[in-house]
There are 2 protein chains.
Amino acid sequence: MARLDTLLAPRSVAVIGASPDTHKIRGALLHFLRKNGFTGRIVPVNPSYTEINGIPCYPTIASAGEKVDLALVAIPANGVLAALEECAAAGVRNVIIISSGFAEDEASAPDLQHQITALAQRTGMRISGPNAEGFHNEVAKVTATFSPAVDRETDDHPVALQARIGIVAQSGGMGFALFNRGRALGLSFSSIVSTGNEADLTLADFVAHMVEDPDTAAILLFLESIRDPAGFAAAAQAAKEAGKFIVAIKIGRSAVGKLAAASHTASMAGWDTGYDAMFHRYGITVATELDEALSIAAALAANPPAKGNRVAVVTVSGGAGAWSADAMADAGLELPALSAATQAEIRSFIPSYGAARNPIDLTAQGAQGGGMLRTVGLLLDDPAIDQIAVVTSLANPARVSLDGPTLAGLLAQRRKPVLLYSYTLPSDLGRRAVAEAGAVVFPSMAMLARAASALVQAGQPISPVGESEPLPSSVLARLAYPAGPMAEHVAKALLAECGAVVSPSRLVNSPAHLADAAAQLGFPLAAKIQSAAIPHKTEAGGVLLGITDQAALERAYADILANAKRHAPNATIDGVLLEPMAAKGVEIIIGIIRDPTFGPVVMVGAGGVTTELFKDTVHRLAPVDEAEATDMIHLLRSAPLLTGFRGAPAADVPALARLVALVSRLADAGRETVAELELNPVIVHSAGQGYTIADALLVLSPAGPIGA
Amino acid sequence: MARLDTLLAPRSVAVIGASPDTHKIRGALLHFLRKNGFTGRIVPVNPSYTEINGIPCYPTIASAGEKVDLALVAIPANGVLAALEECAAAGVRNVIIISSGFAEDEASAPDLQHQITALAQRTGMRISGPNAEGFHNEVAKVTATFSPAVDRETDDHPVALQARIGIVAQSGGMGFALFNRGRALGLSFSSIVSTGNEADLTLADFVAHMVEDPDTAAILLFLESIRDPAGFAAAAQAAKEAGKFIVAIKIGRSAVGKLAAASHTASMAGWDTGYDAMFHRYGITVATELDEALSIAAALAANPPAKGNRVAVVTVSGGAGAWSADAMADAGLELPALSAATQAEIRSFIPSYGAARNPIDLTAQGAQGGGMLRTVGLLLDDPAIDQIAVVTSLANPARVSLDGPTLAGLLAQRRKPVLLYSYTLPSDLGRRAVAEAGAVVFPSMAMLARAASALVQAGQPISPVGESEPLPSSVLARLAYPAGPMAEHVAKALLAECGAVVSPSRLVNSPAHLADAAAQLGFPLAAKIQSAAIPHKTEAGGVLLGITDQAALERAYADILANAKRHAPNATIDGVLLEPMAAKGVEIIIGIIRDPTFGPVVMVGAGGVTTELFKDTVHRLAPVDEAEATDMIHLLRSAPLLTGFRGAPAADVPALARLVALVSRLADAGRETVAELELNPVIVHSAGQGYTIADALLVLSPAGPIGA
C-alpha cells in the first residue's frame, strides 16, 4: 500500500452535488467515473435526485451508510466548507475540492482557504485542492476529473512502453496535456494528479505516494512552487534510492512567468537558483517542454542509464546523419569514429556510397534485409559505444524497415540505451510495428538528443554529500551574535576559526602603531576601515590599496578615518585593517544566496565583471563537500583560467574547493541567522600557493531567525 | 515563367530504363508520375519493352520523336554518361540523375562527376544531381521522385495555409521529410527539390527559380554547403526584394557533422561564421529542427511581420500562461501588462479567478461563448501589443472553443500576427476547425515562441549596406604589396591612410634618437620591435611596456633588439616603435576571418580572455557601414562595458563603430590579397576620447590572390 491509496485507488467515491447533466462539472465527474470503468461503489449525493442514471442518489453524505474513501466536491466556493464539515462528520477519508474561488481568486473571502487547511488538520480528513482538476488512475480505473483528456474513446494509440509514469501537476491543464501527449508517444501512465492550491495535500505528498506505488516507474512533475520543501526533499531522496527517476517542468522562471504563476496558484514562485540547486541535489532532470519531459521520461523508463556520452547514430540518409551529429554535439554528446573492425563489418553489407564511420549511413539499400538491426547488434557489442540512436523514416504505409521481433529482442536485453527517431511522421503501420517491439519514436531530433543526454546524466550517480567536520562551537555561538553586519576583521577571524586561510593583518587604532605594523607585514599594504556600521567600505572611501611607504601609509590612515567620519559620523570604528597586498591570481567570488524555499545556496563565480555580464556562476544547496565544490569550480565557463589558460600556471583549485565547502558549511550552520555571506574577491594563487580572501562580508539577520 | 520551368513543370518526362517493377526506382518513378496525376506526356525508354502499363515504351530517347523537357536517369552509374550523351543528342532540355555512385562514393571513378559537369557546359542541357532524389511539384502535379513521402493516398491532412512553400534540400530524405511533416501541420507546398551532388544545377539555381515562381510564397532550405555563393547571394537578394522569406536548416555545424556532410555530398562544409554572417546579410532565418523550420515558414507565410516584440498570450489555463511567459522570455519577447482599459473589458466576461493582466487566463468558463476570440479582437485593437499567441486545448473530440468563421475573419485581416498552440494534441475535429479558419497549430510551445521571434525579426528590415567612401588608391595599391606580414608601423600607417586614428609614435633606429623621441612623446612609453619577419612580437621578447624614464628606455631599446636578434637572427629590423602608453579603456578585438565560401567576414569581440572563454564575438560579411558596426557592438554580451557599466563612463562607441566599418572596407577591398587582419587590442576610451589601436597585424596572402 502506498500512502495515498485510499485517495488515488478508493473503493468508494462520492460526488457531492452529483448531476445527470454532463455539461456541468459535477455531472461530468459522475459520467467519466462510470464510463472509464470504475469498479468500486459510486455514491452520488444530491437532495434533488433519488437516482442518477440508475445509481441510487443520497440526500446527504451521512445518509450513504458507509465511510466513503473519497468525496469529490465541485459545488460553488461558498458552500464548500459546510460540505467538508459534513464529509468529515460522515467519516469520509479523503476529499478533492475541484471548486475554484479560493486563494487564487482576488474576489474570494480572504480566510476561506486557511479554514480548509485548519479543517484538514483538525479532522484528519485529507484534502486535495481547492482549485484542483482531480486525478485519473489508469491502473485502478478511477477517473476523478472532468478533463476531456481522460476520454479514452477519443484515441487509439499503440502502447510502446509498459513501465508506467506518474504525473503530479500544479496545473491540471498541463498535467492532463502531458497524459494526452504521452499516450500518443506510446507511453503508459499510473496516475495523473492535479494538486490545485494545496491547502492540505501538496505536490510532495503525491510524489511520496508515487515513490511507494509499485505501479509507478518514473515521475513527471509540472510545478510552479514547492510548498513543503522538507517533504519534497524526503520524497525526492526516496525516489533516488528507489531508482525512480523524476523529470520536472518548473514554470515561473521569468519575471512575468513568476507573476502569472503567483496569480494562478496563490504562492510566489521561488528563485530559480534554489530550485536548480535542489533539482541537482536529487538528480531531478529539468525540462521546459511537454514533449521534452515526456521524451526524457520515456528514455529513462525504457532504457538502462548510459555508461558514458559516446553515441553511435545509425541512419539511412546522409543528411540525417550530419544533422544528427550536430544535434548530438549541441547536447554535449560525442560521436566517436567506430573501430576499423566494426566499420569493416558494416561496409560488408552496405553500398560503397554509404558511410560506416559514425554517423553510419547505411543508405536505404543497406538498411534492407535486416541491415539496420544487424548494425544495432554490432553497436551493442562495441565497447566504445555507450548508446545507439536509430534515425530513419517510418512514413511508408506499406513497409517497415525494422523487423519488429528482432527489434523487440534487442531492446529487451537492455544492454545499452537504444533510441529511435523518424524524421518523417510515422505511418500507422510504422508506429504500431515499433510500438509492438517496445520502442518509443521520439518526436524530434532535439528531443532524441535531449533524451540521450539525460541518459548520460542518469548514468552518473550523484554521490551523497560527504560527512564534514562540524564547525567549532565558538563559531556556532558567534552566529547567534547581535544582528547586523560584522566588520571584515571579525568575519575573517570567524573564517579563520573555521579553518580558512586568512592573510596576516594588523588592526591599527593609532598612527603610533603604523610603523610597527608595516615592519611586521611589509610593503606594499592595503588599508581598510573596519566598522560594523560600514559594510560597503569602498563606497565610504574606506579602502586604499598599494601603499608603498611609511609616509603614504600615514596619509592613508588619516584619509580613511576622515572619509569614514564624513560617511558615517556616528559609526563605531574598530580601526584600520592593514594587510599585505595580495599576490596575483585568478579572481573568484564565493557567496551564499538565501533561497526562501530551500535555505542557503552556496555560489561560486568568476570574479570581476564576468559574474554579472556572463552569469558565470554555479549554485548548489549548502552544504557541499570538497568533491562537489571541485565539480562546481570545474563547471564555471571560466574554469580554464584556473587550470592553466594559454600556458599560465594552474591555480590552487584544491584550496579553493576547501574554501567553498567551508563557506557552505558556515551557511548551513547559520541557516537560521546568516543573512549575507560573500567573499569577494578571493584571489586564487598558483598550485600549492593557496588563496587570499581580499574581502569578506558577513551579515547576521537583523530580525531574528530567518524563516521562523 | 520562372527559369527552371521546363525542368520543374515539364510538358514531357522521359524515364530512362523505365520498368513495370515498382520495387525498382526506375519503376517507382514511372508509377508515382502517373499516380499523382501528371497530365503531360510520359516517355518510357527501355529497349526491353514496347509498352509499360499501357504507355508506349521507346527503345532509345532519340526514337521518342520529340525533344522532351525532362529525362529521369536512375540507371547504374557506369551507364549514366552514355545516357546523358544520348539525351543531349536527342535535344532533351533537362536531366535529373538519381543514380548514386559519383563524387559521394569513395569507390567511384574519380573523374565521373566532372565529366557530367563538362557535358552540361558543353551541351547546354541542364542537369540536376547526380545522387539526387528528384522533385515533386504540387502545383503542376509532377512527381519526379521515388520518395514514399509523395504518396498522397497515405495522408488526409486538412490544409490551413493556402500560401505555398518551396523546399530546396541537399538531402532528399530531409527535403521530403519537411514536406511530410509540413502537410501534417496544414501547410501547402509548391515544389520540393532534392539537389544531390550539384554537378551542374546548384541549390542557388533552384532558389532563384522559386523567387521567380509565382506559386512560391516562402522558401525552406536544408543545406550542407553552398557551391555557388555569388549565385546564392543574388537569389537571396532577389528573395528579399520580392518579400519571399527564406528559412534555412544548415547542417555540418559540428566537427563530426562537417565530416558526415562532406562524405555525404562530396564537398567540405564551410565555416559557421561565414554562413551565419551570410544568412544575417540576407535576412535568412536559421533553424535547427524540421518542425522549427516549418513553424517559422508557416508563421511568416500566414502573418504580417510583427511591428515589435510585445506579445499578448491568451489562454484558458493559468499553468499554461505562466509557462508561455517563460517560453516567450526565453525567445527574447516581452509580455507587457495590458492597459487598465483592456484588462477591465476582459474582466467583464471572465470569472474572478481568471487573470486579465498578460498572460490572460480566461479560464475555461471565460473562454466559452466567444470569450477567446473576443479577447483576440481586443488585442488586435490594442496598440501596445504587437502579436497575439492563443494557447489553448483543441483535444476535445466533440467541441472546439474557437468559432471557425470568427477566427477566419480575424486572421484574414492580417493586422497583427496571431499564433495558435494547443497543449493537448488537437482532435481531428479541433484540427479541421482551425485549419478551415486558416490557422496553423504550432507543434510545441518552443516552436510557437520561436515563430513569434522570427516574426519580430521579419518586422525589422535589414537596411542595405550604406555606400561608403572608397579607400584611397594608395591603400589599394599597397594591398598588392609583396606578400607576407607587414610590420606594425606599416600596417598602422595604412590604417591611418584609410582614416583610422593612430597614436603618435616614433620609429627609432639608433639609441641616439631615444631622448628626442621620449621628449616628443612623453613617458610612460611602450617600445616594440618592428620587423615584417616578427609578426608575433611578444613571443619574441620584442615588447616592453610602461617605460617611465630615460635609463629604462635605453635598457628597453637594447634588450628588445637583442631579443629580436636571438629570436630571428636573419630578420630585417625596421627599428623599435615608441608610443605613449594608452590611457585606460575597454579592450576590444577587431579582426577579419576569411570564409572559404563567402570571403572576408569582419569580427568584433570583447578583448582579453573573454573572446576565447565566452566566445563573445559578432561576425558580419564585409563590408559593413557604421550603422551595422554599431549594431554589432551592441550585440556583444559585454556591450554594457562600453555603455556605462556599474556607473563607469560610457565608451566612445561611435569611434569604435567607425573603426570596425573601416576595417571591414579594408578587408573587402583586400578580399583577393589580405590573409589576416587583426587589431588586438583596441582600447576604447570614454565618450569623445576615441580609441587606441595598441597593436595591428596585417598579412598579405603569400600565395597570390586568395581563392584564385
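The values are calculated or read from the model by the stated rules, or taken from the named source; none is laboratory data. All values reported here derive from a predicted model rather than from experimental measurement. Methodologically, a virtual Cβ is constructed for each residue, glycine included, from the backbone with ideal geometry; neighbour enumeration extends over all protein chains shown. Side chains are part of the model used for accessible areas, which takes the heavy atoms of the whole protein and leaves out ligands, DNA and RNA. Shrake-Rupley method; radii C 1.70, N 1.55, O 1.52, S 1.80 Å.
Being touching a Lys or Arg at 6+ places or on another chain (Cβ under 8 Å) and assigned to a helix (DSSP H, G or I) is a property that B:Glu628 has. Considered as a group, the residues in region A:342-363 that are farther than 21 Å from A:Leu410 by Cα and assigned to a helix (DSSP H, G or I) include one that is most open to solvent (accessible area, probe 1.4 Å), and that residue is A:Arg347.
Among the residues of region A:565-581, those that are open to solvent by less than 50 Å² (accessible area, probe 1.4 Å) and at pLDDT below 95 comprise A:Ala568, A:Ala571.
Of all residues in region A:590-598, at least one satisfies being buried (at least 20 other Cβ atoms within 10 Å of the Cβ), at pLDDT 95 or above and part of a strand (DSSP E or B). One residue stands out in region A:290-335 among those that are free of Cβ contacts under 8 Å to residues at least 60 places away in the same chain and acidic (Asp, Glu): the one that is surrounded by the fewest Cβ atoms within 10 Å (Cβ to Cβ), namely A:Glu334. Of the residues that make up region A:682-701, is at least one open to solvent by 40 Å² or more (accessible area, probe 1.4 Å), part of a helix (DSSP H, G or I) and touching a strand residue (DSSP E or B) at 6+ places or on another chain (Cβ under 9 Å)? No, region A:682-701 contains no residue that is open to solvent by 40 Å² or more (accessible area, probe 1.4 Å), part of a helix (DSSP H, G or I) and touching a strand residue (DSSP E or B) at 6+ places or on another chain (Cβ under 9 Å).
Can you confirm whether region B:62-69 contains a residue that is open to solvent by 30 Å² or more (accessible area, probe 1.4 Å) and of a type in the set (Asp, Glu)? There is at least one residue in region B:62-69 that is open to solvent by 30 Å² or more (accessible area, probe 1.4 Å) and of a type in the set (Asp, Glu). No other residue among B:Glu488, B:Glu497 is open to solvent by 60 Å² or more (accessible area, probe 1.4 Å) and either over 12 Å from B:Leu553 (Cα atoms) or in contact (Cβ under 8 Å) with a residue 12 or more places away in the chain (or both) apart from B:Glu497.
Every condition in (1) in a loop (DSSP other than H, G, I, E, B); (2) more than 25 Å from B:Ser317 (Cβ to Cβ); (3) over 29 Å from the mean Cα position of the chain (by Cα) is met by A:Leu119 except one, and the failing one is (1). Of the residues in region A:236-244, not one is within 22 Å of A:Ser147 (Cβ to Cβ), at pLDDT below 95, assigned to a loop (DSSP other than H, G, I, E, B) and not aliphatic (A, V, I, L, M). Filtering region A:618-670 to residues that are over 24 Å from the mean Cα position of the chain (by Cα) and basic (Lys, Arg) leaves A:Arg646, A:Arg658. Scanning region B:155-173 for residues that are within 8 Å of chain A (Cβ to nearest Cβ) and under 20 Å from B:Ala217 (Cα atoms) gives a single hit, B:Ala169. Scanning region B:422-446 for residues that are open to solvent by less than 10 Å² (accessible area, probe 1.4 Å) and in a helix (DSSP H, G or I) returns B:Gly430, B:Val434, B:Ala435, B:Met445.
Evaluation of B:Asp215 against the conditions (1) away from every other protein chain (no Cβ under 13 Å); (2) in contact (Cβ under 8 Å) with a residue 24 or more places away in the chain; (3) in a helix (DSSP H, G or I); (4) surrounded by fewer than 23 Cβ atoms within 10 Å (Cβ to Cβ) shows that the sole unmet condition is (3).
Residues that are open to solvent by 20 Å² or more (accessible area, probe 1.4 Å) and in contact (Cβ under 8 Å) with a residue 12 or more places away in the chain within region B:378-392 comprise B:Leu378, B:Ala384, listed in sequence order. Looking across region A:421-431 at every residue that is under 34 Å from the mean Cα position of the chain (by Cα) and within 15 Å of A:Val159 (Cβ to Cβ), the one that is farthest from the other protein chains (Cβ to nearest Cβ) is identified as A:Arg431. Scanning region A:388-402 for residues that are part of a helix (DSSP H, G or I) and either more than 12 Å from every other protein chain (Cβ to nearest Cβ) or modelled with pLDDT of 90 or more (or both) turns up nothing. From the residues in region A:180-190 that are open to solvent by 10 Å² or more (accessible area, probe 1.4 Å) and not charged (D, E, K, R), which one is nearest to A:Ser295 (Cα to Cα)? Among them, the one singled out is A:Leu185.
Residue under question is A:Leu338, and the condition is that it be under 19 Å from B:Lys258 (Cβ atoms), more than 11 Å from chain B (Cβ to nearest Cβ) and open to solvent by less than 20 Å² (accessible area, probe 1.4 Å); does it hold? Here the answer is yes, as A:Leu338 does meet what is asked.
Only a single criterion out of (1) at positive phi; (2) open to solvent by 10 Å² or more (accessible area, probe 1.4 Å); (3) within 14 Å of chain A (Cβ to nearest Cβ) is not satisfied by B:Gly243, namely (3). Looking at the structure I just gave you, is A:Arg93 in the same structural domain as A:Ala14 (by TED's automatic domain parsing), in contact (Cβ under 8 Å) with a residue 40 or more places away in the chain and either under 20 Å from A:Phe206 (Cβ atoms) or open to solvent by 30 Å² or more (accessible area, probe 1.4 Å) (or both)? Considered against the rule, which asks whether it is in the same structural domain as A:Ala14 (by TED's automatic domain parsing), in contact (Cβ under 8 Å) with a residue 40 or more places away in the chain and either under 20 Å from A:Phe206 (Cβ atoms) or open to solvent by 30 Å² or more (accessible area, probe 1.4 Å) (or both), A:Arg93 comes out as yes. Contact map, region A:28-42: residues that are on the phi < 0 side of the Ramachandran plot paired with residues that are of a type in the set (Lys, Arg), Cβ distance under 7 Å, separation 6+ or inter-chain. Pairs shown: A:Asn36/A:Lys141; A:Asn36/A:Arg152; A:Phe38/A:Lys141; A:Thr39/A:Lys141; A:Gly40/A:Arg11; A:Arg41/A:Arg11; A:Ile42/A:Arg34. Checking each residue of region A:624-647 against the condition of being open to solvent by 50 Å² or more (accessible area, probe 1.4 Å), of a type in the set (Gly, Ala, Ser), within 14 Å of chain B (Cβ to nearest Cβ) and without any contact (Cβ under 8 Å) to a residue 12 or more places away in the chain gives at least one match. Among the residues of region B:216-225, those that are modelled with pLDDT of 95 or more and either in contact with a His (Cβ under 9 Å, 6 or more places away or on another chain) or of a type in the set (Val, Ile, Thr) (or both) comprise B:Thr216, B:Ile219.
The residue list B:Glu612, B:Glu672 contains one member that is in a helix (DSSP H, G or I), over 18 Å from B:Ala496 (Cα atoms), open to solvent by 10 Å² or more (accessible area, probe 1.4 Å) and of a type in the set (Asp, Glu), which is B:Glu612. From the list B:Val602, B:Val653, which one is of a type in the set (A, V, I, L, M), touching a Lys or Arg at 6+ places or on another chain (Cβ under 8 Å) and either more than 14 Å from every other protein chain (Cβ to nearest Cβ) or open to solvent by less than 30 Å² (accessible area, probe 1.4 Å) (or both)? The conditions single out B:Val602. Quick one: would you say A:Met372 is in contact with a Leu (Cβ under 9 Å, 6 or more places away or on another chain), within 11 Å of chain B (Cβ to nearest Cβ) and either in a helix (DSSP H, G or I) or under 16 Å from B:Lys258 (Cβ atoms) (or both)? Judged against the criteria, A:Met372 is not a match.
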